[in-house]
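Chemist: Input: one structure, supplied below.
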Amino acid sequence: MSKGNIGVTSDNIFPVIKKFLYSDHEIFLRELISNAVDATTKLKTLSSVGEAKGDLGDLRVRVVIDKAKKTLTVSDHGIGMTAEEVDKFINQIAFSGAEEFLNQYKDKTEAIIGHFGLGFYSAFMVSKKVEIFSQSYKEDAKAVHWSCSGDPEYTMEETIKAERGTDIVLHIDDEFSQYLEDATIEGLLKKYCKFLPVEIAFGKKKEWKDGKEVELDEENIINDINPAWTRKPADLTEEDYKTFYHELYPMQFDEPLFHIHLNVDYPFNLTGILYFPKIKSNLDVHRNKIQLYCNQVYVTDEVENIVPEYLTLLHGVIDSPDIPLNVSRSYLQSDNNVKKISGYITKKVADKLAELYKADKDDFAKKWDDIKMFIQFGMLTDEKFYEKAVNFALLKNLDGRYSTLEEYKDQVRDKQVDKDGNLVLLYTNDPDAHYTYIERAKAKGYDVLLMDGELDVHCMSQAEQKNEKLRFVRIDSDTIENLIKKEDTAKDTYSDEQKEGLRKAFEAQLPSAEDKLKYTVTCEAAAADALPVFLTQNEFMRRMKEMAAHQQGMMNFYGNMPDSYNLVINTAHPLIQDLVNKETSEQVQEEVEKDGKKETVEKTVYKLADEDERLKQLIDIALLAGGQLKGEALAKFVNRSVELL
Ligand code: ADP
């Protein structure tokens, strides 16, 4: 038997491990099982090149809890270690300047583990004593027993071990007794080991029989050793991809829309499968995340720094031995491999979507509503993605017809170019509320788009920036004649004073003081067959408010503004003409300043007499058509209508 001190230059590494690694202590299991799997894979490799002789036998890795002894054991039948190897790999933790290093990485526990071969030592996070029993595959090697109780002192002696491989025995600390619970360990194994390439056995399979859970003779295997992403796309059916999706997310019942199988070996290694889920709204976005693996070992589902944010809307797995997993997050972002990986995934996703669009436009259109949020998010945040996506991003009109922006421009160019050469695209976000406006537009032969998505407003602004002379206007933001101005529109024959009289008369009849702030009354010669009075809402102001709803800071200025509308009196309408005809005029004296001198001038003022009820009725009709008449005002309107009849 030999004794010695573990070769770290720092006096005692164990308090450091316990203290700094405390927050993430469950990863000890991942580290030990990874070592066991590595040892097994190495043995298989050696055997395949003839360096390990004979039949390899049972290669399962086993995890066993002994409640009486308070131990947790991880056993493998891998290459094992000789006494010299234990000395080299376990006793001499091979890095210099440990103290300096530990100080530098105080908060970056992951950087210590793994990167500097502390994987095995993470066992001390939860154990008061750790033992190794190992029998190397090498001929004539003696088995070795190593033991250490959480101080730099260890003991090492020869032992007898019947089978090749290594048992790591953890004597679990009392304060970590949860790691002696079957449920805890099974949970951790499912989290970290679900797709490891060597079978991991934990206890026996259980079955429900006559209302009782009974143990079967068969071992309970935790993992799928050939997960779909490690296989060739040619060997997989649609069904296989779907089955794997549900293996990844057991709680997800929706089927994915389609998938992308990633496979690169140059200039970096990366495999994986990304799935497009149905994305309905922001709400269910982050329920199932992309999982990141390193050689089939689960690492994290926090992939924000590895793929662009919009790609985090996708589901699936990415496996790469080239992503530096054990370094800090800020470092990840600046890592060149990570940048390349991100660029590669973006390109792959865009190419796949383009391919799907080309292959079957109708089918793509059917899926559009479910993937639109993802594509729009990508276009808004990633220029490279935008360039590709603009060729398959779709617009939907009120008849349910889908087209790309370019196609749509061609469809409406004939009719919807205004006198200044702007192509005006009309849209609604609420066809029911905008019904009367839509009818007016259709009567003129115009087309109307449905833009009711969460990101539509942003995408329209983006399209306007990228396309000269292209404007989107919501159907209720002005009279249709003004939205697409052709030659200079018809003028009415009234004087400004007459219109002012009209305006004041209507203003006086607005339902409440609050409404007087909300509605600005204007006169406009729209069309004889349009409504006599109607509402419009300025496109710019409304859009700013909508965007502000999603943003902070500067934009909040707009967010805090009250909603405001124009109440437009259509002077071209016969009913309004009739009102104007009933105006009475009066001459009044008014003092004005002219060239610095005060002067009295004569002015004609028009007034509308005794038309209160009719004005109220006209205003209410406008509010009703604009979806703004509610509550008491609506009840009054109904009663007044009955009385008028
Ligand atoms: P890392 O796995 O990052 O190299 P570890 O501290 O976990 O660091 O392990 C150090 C070394 O000890 C391994 O590289 C391996 O050579 C050896 N080792 C650890 N566990 C086993 C095992 N179960 N079987 C064989 N060798 C092992």
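The values are calculated or read from the model by the stated rules, or taken from the named source; none is laboratory data. Note that the structure is a prediction, hence the values are computed from the model and not measured. Here the Cβ positions follow ideal geometry from the backbone for every residue, glycine too, while neighbour counts run over all protein chains shown. In case anyone asks, the SASA skips ligands and DNA or RNA and just uses the protein heavy atoms, side chains included. Shrake-Rupley method; radii C 1.70, N 1.55, O 1.52, S 1.80 Å.
Chemist: Given +1 on the Cβ of Lys and Arg, -1 on the Cβ of Asp and Glu, and no further charges, what dipole in debye does segment 435-508 carry about its Cα centre, rounded to the nearest 20? Walk me through the intermediate numbers first.
Modeler: Values: 13 positive and 17 negative charges, 39 e Å.
Value, rounded to 20: 180 debye.
Chemist: Please list, in order, the residues from segment 520-547 whose amide nitrogen is less than 19 Å from a point placed 7 Å along the Cα→Cβ vector of D563.
Modeler: 520-522, 534-547
Chemist: Could you list which residues have their amide H under 5 Å from that of L425, counting only those 5 or more apart in sequence or on another chain, with H placed in the peptide plane?
Modeler: Amide H neighbours of L425: R471, F472, V473.
Chemist: Please state, as a whole number in µm²/s, the translational diffusion coefficient that the Stokes-Einstein equation yields for segment 571-612 at 20 °C and 1.002 mPa s, with Rh defined as the Kirkwood radius across alpha carbon pairs.
Modeler: Details: Rh = 12.5 Å.
Here the translational diffusion coefficient equals 172 µm²/s.
Chemist: Follow-up. Note the full-extension length gain between Y344 and K366 as 0.36 nm times their separation in residues minus their Cα-Cα distance, in nm to one decimal.
Modeler: Numbers: separation 22, 0.36 × 22 = 7.92 nm, distance 2.72 nm.
Gain on stretching Y344 to K366: 5.2 nm.
Chemist: Under 5 Å between amide H atoms, partner at least 5 residues away or on a different chain: which partners does C523 have, H built in plane at 1.01 Å?
Modeler: For C523, the qualifying residues are I569.
Chemist: Distance in nm between label sites at H246 and L56, each 7 Å beyond Cα in the beta-carbon direction?
Modeler: Calculated label separation equals 3.2 nm.
Chemist: In addition: Residues of the chain: accessible area per residue at 1.4 Å, in Å²? Spell out each step's value before the answer.
Modeler: Numbers: 33020 Å² over 645 residues.
Accessible surface, normalised per residue, equals 51 Å².
Chemist: Report ³J(HN,Hα) in whole Hz for each residue of segment 238-245, in order, from the Karplus equation J = 6.51 cos²θ - 1.76 cosθ + 1.60 where θ = phi - 60°; Gly and Pro get x.
Modeler: So the Karplus estimates, Gly and Pro as x, are 3, 4, 4, 5, 5, 4, 5, 4 Hz.
Chemist: Extending each Cα 7 Å along its Cβ direction at F268 and K603, get the distance between those two points in nm, one decimal.
Modeler: Going by the 7 Å Cα→Cβ label model, 7.3 nm.
Chemist: Separate question: What are the ³J(HN,Hα) values, in whole Hz, obtained from phi via the Karplus relation 6.51 cos²θ - 1.76 cosθ + 1.60 with θ = phi - 60°, for each residue of segment 38-44 in sequence order, with x given for Gly and Pro?
Modeler: Result, ordered by residue: 4, 4, 6, 5, 4, 4, 4 Hz.
Chemist: Kindly flag which residue pairs out of K348/K372; K278/K352; K419/K504 have an alpha-carbon separation exceeding 25 Å in this structure.
Modeler: On the way: K348/K372 17 Å; K278/K352 17 Å; K419/K504 32 Å.
Going by Cα-Cα distance, K419/K504 fall outside the 25 Å limit.
Chemist: Given 37 °C and 0.692 mPa s, compute D for the chain with the Stokes-Einstein relation, Rh being the Kirkwood radius over Cα pairs; round to the nearest whole µm²/s.
Modeler: On the way: Rh = 31.2 Å.
So the translational diffusion coefficient is about 105 µm²/s.
Chemist: Would you mind checking which residues have amide H under 5 Å from N295's amide H? H placed 1.01 Å from N; only 5 or more apart, or other chain.
Modeler: When sequence neighbours closer than 5 places are left aside, the close amide H contacts are S320.
Chemist: Taking the dipole about the Cα centre of the chain, with the C-beta of Lys and Arg at +1 and of Asp and Glu at -1, give me whichever of T41, A365, F28 is farthest to the positive side.
Modeler: Of the listed residues, the answer is T41.
Chemist: Next up: Can you pull the one-decimal nm distance between simple spin-label points at D335 and K594, each 7 Å off the Cα toward Cβ?
Modeler: Once both label points are built, they end up 8.2 nm from each other.
Chemist: Could I ask something else about it? Provide the gained length on full extension for the span E439 to K190, in nm with one decimal, where the gain is 0.36 nm per separating residue minus the Cα-Cα distance.
Modeler: Contour length minus the Cα-Cα distance gives 83.8 nm.
Chemist: How much length, in nm to one decimal, is gained on full extension between D410 and M541, taken as 0.36 nm per residue of separation minus their Cα-Cα distance? Could you put the intermediate results ahead of the total?
Modeler: Numbers: separation 131, 0.36 × 131 = 47.16 nm, distance 2.86 nm.
Gain on stretching D410 to M541: 44.3 nm.
Chemist: Per residue of the chain, what 222 nm ellipticity follows from adding -39500 (n - 2.57) for every DSSP H run with n ≥ 4, rounded to the nearest 500? Each step should come with its number before you reach the end.
Modeler: Details: 22 runs with 226 residues, N = 645.
About -10500 deg cm²/dmol.
Chemist: If you keep only loop residues by DSSP, which trypsin sites (Lys or Arg not before Pro) in segment 602-634 have at most 14 other Cβ atoms within 10 Å of their Cβ? Mind showing how you got there, number by number?
Modeler: Details: sites: K603, K607, R614, K616, K630; in loops: K630.
Sites meeting the loop and neighbour criteria: K630.
Chemist: Rounded to the nearest percent, how much of the accessible area of the chain (1.4 Å probe, protein heavy atoms only) is carbon and sulfur? Show your work: numbers first, answer last.
Modeler: Working: 16020 of 33020 Å².
Using a 1.4 Å probe with all protein chains present, the chain comes out at 49 percent carbon and sulfur.
Chemist: For D217 and T237, FRET efficiency with R0 = 51 Å and r from the beta-carbon atoms, rounded to 0.05?
Modeler: On the way: r = 32 Å, r/R0 = 0.64.
Result of the calculation: an efficiency of 0.95.
Chemist: On a straight-distance basis, which lysines could pair with K491 in a cross-link, Cα separation under 16 angstrom, same-chain partners fewer than 8 positions away excluded?
Modeler: K499
Chemist: Let me ask something else. Taking only the Cα atoms of segment 115-246, how large is their convex hull per residue, in Å³?
Modeler: Working: hull volume 27.6 nm³, N = 132.
Expressed per residue, the convex hull around the Cα atoms of segment 115-246 is 209 Å³.
Chemist: OK, next. Output ³J(HN,Hα) for segment 132-141: one whole-Hz value per residue in order, computed from phi by the Karplus curve 6.51 cos²θ - 1.76 cosθ + 1.60 with θ = phi - 60°, and x for Gly and Pro.
Modeler: 10, 10, 9, 10, 6, 6, 5, 4, 6, 6
Chemist: Still on this structure: Rounded to the nearest whole Å³, what is the per residue volume of the convex hull around the Cα atoms of segment 365-511? If you can, show how the numbers build up before the last one.
Modeler: Numbers: hull volume 21.8 nm³, N = 147.
Per-residue hull volume (Cα only) is 148 Å³.
Chemist: Here is a follow-up. Here are some pairs, K442/K630; K466/K518; K347/K367; which of them have Cα atoms lying more than 24 Å apart in this structure?
Modeler: Working: K442/K630 27 Å; K466/K518 34 Å; K347/K367 20 Å.
In this structure, K442/K630; K466/K518 exceed 24 Å between Cα atoms.
Chemist: Based on the Cβ-Cβ distance of D66 and E207, what FRET efficiency does E = 1/(1 + (r/R0)^6) give at R0 = 30 Å, to the nearest 0.05?
Modeler: Working: r = 24 Å, r/R0 = 0.80.
According to the calculation, E is roughly 0.80.
Chemist: With +1 on each Lys and Arg Cβ and -1 on each Asp and Glu Cβ, how big is the dipole of the chain about its Cα centre, in debye rounded to the nearest 20? Provide the component values of the computation, followed by the final result.
Modeler: Values: 84 positive and 116 negative charges, 104 e Å.
Charge dipole, the chain, about its Cα centre: 500 debye, nearest 20.
Chemist: To continue, here is another question. What is the packing order of peptides 355-363, 171-179, taking the mean over residues of other C-beta atoms within 10 Å and listing the highest first? Provide the component values of the computation, followed by the final result.
Modeler: Values: 355-363: 12.9, 171-179: 15.1.
Ranking, from highest mean packing down: 171-179, 355-363.
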